[in-house]
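As structure tokens, the structure follows; a few thoughts come after it.
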Amino acid sequence: MKRRKFIRNTFLGTAASLIGADIVFSSSMPKNYTPIGLKDPDPYTLFNKDKDMTVLNDKPWNIEAKAHLLDDKITPNKYMFIRNNGNIPQNIDVAHWKLIIDGESVSTPKTYTLQALKSKFKNHTYQLTLECGGNGRSEFNPPAKGNQWTVGAVSCAVWTGVRLKDVLEDVGIKDDAVYIGYHAADTHLSGDPEKEPISRGVPIEKALQEETLLAFKMNGRDIPLAHGYPLRLVAGGWPASASGKWIHRISVRDKVHDGTKMKAPAYRVPCKPVAPGEKVKDADMCIIESMPVKSLITYPRSGAMISQGEKLHIRGHAWAGELEVQAMAYSIDFGATWHTCRIEKPINRLAWQHFNASIAFPKKGYYEVWARATDVDGVSQPMLVPGWNPKGYLNNACHRIAVKVK
Amino acid sequence: MENQGFKNKVKRIYYGLTLFFGLLLILSGGLVYKMVDPSFLTFPNEVETETYVDVVGFDNIENGIHLETGFKDDEGLQTVIVNCTSCHSAKLVTQNRANKEGWISIIRWMQETQNLWDLGTNEVVIVNYLAKNYGIEEKGRRDNLENVEWYDLKN
């Protein structure tokens, strides 16, 4: 804040000389260089985020929650993580926003206005879990490059829109369709208009699921700009990068979509397990589909101190990508013994589930409460960081909080 | 003497024009800034009495940290700032860890896919700076819980 005022005050006095300086320096500045001092420093106001959110990156914007901020059953915008690959589109003209459906596997490309989409097709509402493929990356060893997400790149908001399935049926897709790929209005960081920051997608089976939406509302209101206004593809349970923001075109492909960040190593993990640090050829990297089983203790915040004899009431959420969570357990002795938590059914498929438990501690001292979810296939979260992979995806290790009994 | 009068006239016109263009430059500068920051010259209701003497300068270093970017102060800092913060945030650098080989492979990836330019002789300066200041820290398969903020939980 002080910086902005400083710049403003400086401009007030010597606007002309500063502009002069700007021109002189620009010749030695790399192309597209924006002086660091001129960036907007307050993302919290910009995106209506809570002050406790962590900014990992401001160009592009990448912001994550903390476990205790995700306590709401339905994630409000202020606690929803932002993962951007490029620059947020400017000057969105909703009245003229169009969605084009094209690609090798449509008979004739078709264009819809936003209004036509909303009125022509039945609207559906689902609560959908979106987790960044790189959530938990910070724990991998050796480290993986990229935003060092800890635990907060996950959300479960209520999305309203039309089924992609209904739209694709209206367009008419051929039998040879295998994938859909989205194209969006965000711009590449380098300023190169030929480059798309990200253009991912999902197999046609996922595209045709009832819960896969072309959404125009989040939590009952227009989608916030940073989350894809005015139109977002939402494919719950998959890496959130599959849920493209600011969508204006969807291509129905007769092959696996080959847009930016579809190719190895982006959003891929080794097809076969590898040793930590091992080099993996691009050809041996497989696309991440459903996200793995995972859970978070959202109450209390880590660091709680209680008195001896008091019970600790914990709660949180659990999710398992395409699957449902079957059981939830906690441990206060580093996994030596596990105890059952109550867990609710999901409100709809692909929504996270809520758990709670009341814990008694045997004596005074330092404890860690570890939480572990198990999906319907009997697969549980590991206590250790799971299989190392070059890009640091899919860390679904158990979450834990520190507790002291006094 | 007619010549002298003419000279004076020219001088007066010259000063007048200088003043005019000077004011025009200041005004247009202000207007351009108003476009960039619409709140400029929009005076808030409360009169601000604070003064901002102790501002963060573009190149201030405190406790070994370059305040503007968060980079560690070391040989190569300016080269890193100019080449690495043009397209992305300094935060994307400072939150990552890699050895020389790792940083070089990140640079190659950016050159191949993200329009990063040829760094020439700066590359060795940048890689040395990064590997020294943002090198790999050995850690196990799960860290201790650190930086816990303890508080009394009221039931």
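The values are calculated or read from the model by the stated rules, or taken from the named source; none is laboratory data. Keep in mind that this is a model prediction, so the values were computed, not measured. Please note: Cβ atoms are built from the backbone with ideal geometry, for glycine as well, and neighbour counts cover all protein chains shown.
So which residues in the range A:218-231 are in contact with a Phe, Trp or Tyr (Cβ under 8 Å, 6 or more places away or on another chain) and touching a residue at least 60 places away in the same chain (Cβ under 8 Å)? Within the range A:218-231, A:MET218, A:PRO224, A:LEU225, A:ALA226, A:TYR229, A:PRO230, A:LEU231 qualify. Checking each residue in the range A:357-396 for being surrounded by fewer than 22 Cβ atoms within 10 Å (Cβ to Cβ), among the polar types (S, T, N, Q) and within 14 Å of chain B (Cβ to nearest Cβ) picks out only A:SER358.
Taken over the range A:275-288, the criterion of being out of contact with any Pro (no Cβ under 6 Å at 6 or more places or on another chain) and buried (at least 17 other Cβ atoms within 10 Å of the Cβ) is satisfied by A:ILE287 alone.
Scanning the range A:56-77 for residues that are under 14 Å from the mean Cα position of the chain (by Cα), not aromatic (Phe, Trp, Tyr) and not in a loop (DSSP other than H, G, I, E, B) turns up A:LEU56, A:ASN62, A:ILE63, A:GLU64, A:LEU70, A:ASN77. Taking the stated definitions as given, is A:SER199 of a type in the set (Ser, Thr, Tyr), part of a loop (DSSP other than H, G, I, E, B) and surrounded by 18 or more Cβ atoms within 10 Å (Cβ to Cβ)? It is true that A:SER199 is of a type in the set (Ser, Thr, Tyr), part of a loop (DSSP other than H, G, I, E, B) and surrounded by 18 or more Cβ atoms within 10 Å (Cβ to Cβ). Taking A:ALA329, is it outside the structural domain of A:GLY181 (by TED's automatic domain parsing), crowded, with 20+ Cβ neighbours inside 10 Å and under 30 Å from A:PRO203 (Cβ atoms)? The answer is no for A:ALA329. Contact map, the range B:82-107: first residue in contact (Cβ under 8 Å) with a residue 24 or more places away in the chain, second residue among the acidic types (Asp, Glu) and surrounded by fewer than 20 Cβ atoms within 10 Å (Cβ to Cβ), Cβ cut-off under 8 Å, separation 6 or more or different chains; pairs are B:ARG97/B:GLU137.
Every residue in the range A:274-315 that is touching a Lys or Arg at 6+ places or on another chain (Cβ under 8 Å) and either under 23 Å from A:VAL234 (Cβ atoms) or aliphatic (A, V, I, L, M) (or both), please. Result: A:MET285, A:ILE287, A:ILE288, A:GLU289, A:SER295, A:ILE297, A:THR298, A:ALA304, A:MET305, A:ILE306. Cβ-Cβ contacts under 7 Å between residues 6 or more apart (or on different chains), taken from a first residue in the range B:131-150 that is more than 7 Å from every other protein chain (Cβ to nearest Cβ) to a second residue that is assigned to a loop (DSSP other than H, G, I, E, B) and hydroxyl-bearing (Ser, Thr, Tyr), are absent. Would you be able to say whether some residue in the range A:163-186 is more than 25 Å from A:LYS59 (Cα to Cα) and of a type in the set (Ser, Thr, Tyr)? Taking every residue of the range A:163-186 in turn, at least one turns out to be more than 25 Å from A:LYS59 (Cα to Cα) and of a type in the set (Ser, Thr, Tyr). Does A:LYS345 count as more than 14 Å from every other protein chain (Cβ to nearest Cβ) and either touching a His at 6+ places or on another chain (Cβ under 7 Å) or charged (D, E, K, R) (or both)? For A:LYS345, the condition - more than 14 Å from every other protein chain (Cβ to nearest Cβ) and either touching a His at 6+ places or on another chain (Cβ under 7 Å) or charged (D, E, K, R) (or both) - is met. Comparison of A:VAL167, A:VAL162 shows that the only residue that is part of a helix (DSSP H, G or I) and β-branched (Val, Ile, Thr) is A:VAL167.
Flag set for A:ILE401, criterion: assigned to a strand (DSSP E or B) and either of a type in the set (Val, Ile, Thr) or at pLDDT below 95 (or both).
When the test is whether a residue is modelled with pLDDT under 95 and more than 22 Å from A:ILE92 (Cα to Cα), A:GLY277 passes it.
Within the range A:294-342, the set of residues being assigned to a strand (DSSP E or B), among the charged types (D, E, K, R) and within 14 Å of chain B (Cβ to nearest Cβ) comprises just one member, A:ARG315. Among A:GLY134, A:GLY152, A:GLY103, which is touching a helix residue (DSSP H, G or I) at 6+ places or on another chain (Cβ under 8 Å) and more than 14 Å from A:LEU164 (Cα to Cα)? Within the list A:GLY134, A:GLY152, A:GLY103, the selection yields A:GLY152. Pick from the range B:106-130 the residues that are surrounded by fewer than 15 Cβ atoms within 10 Å (Cβ to Cβ) and farther than 23 Å from A:LYS391 by Cβ: which of them is farthest from the other protein chains (Cβ to nearest Cβ)? Result: B:VAL124. Considering only the range A:233-258, state which residues are part of a loop (DSSP other than H, G, I, E, B) and either surrounded by 19 or more Cβ atoms within 10 Å (Cβ to Cβ) or among the hydrophobic types (A, V, I, L, M, F, W, C) (or both). Within the range A:233-258, A:ALA235, A:GLY236, A:GLY237, A:TRP238, A:SER243, A:GLY244, A:LYS245, A:TRP246, A:VAL256, A:HIS257 qualify.
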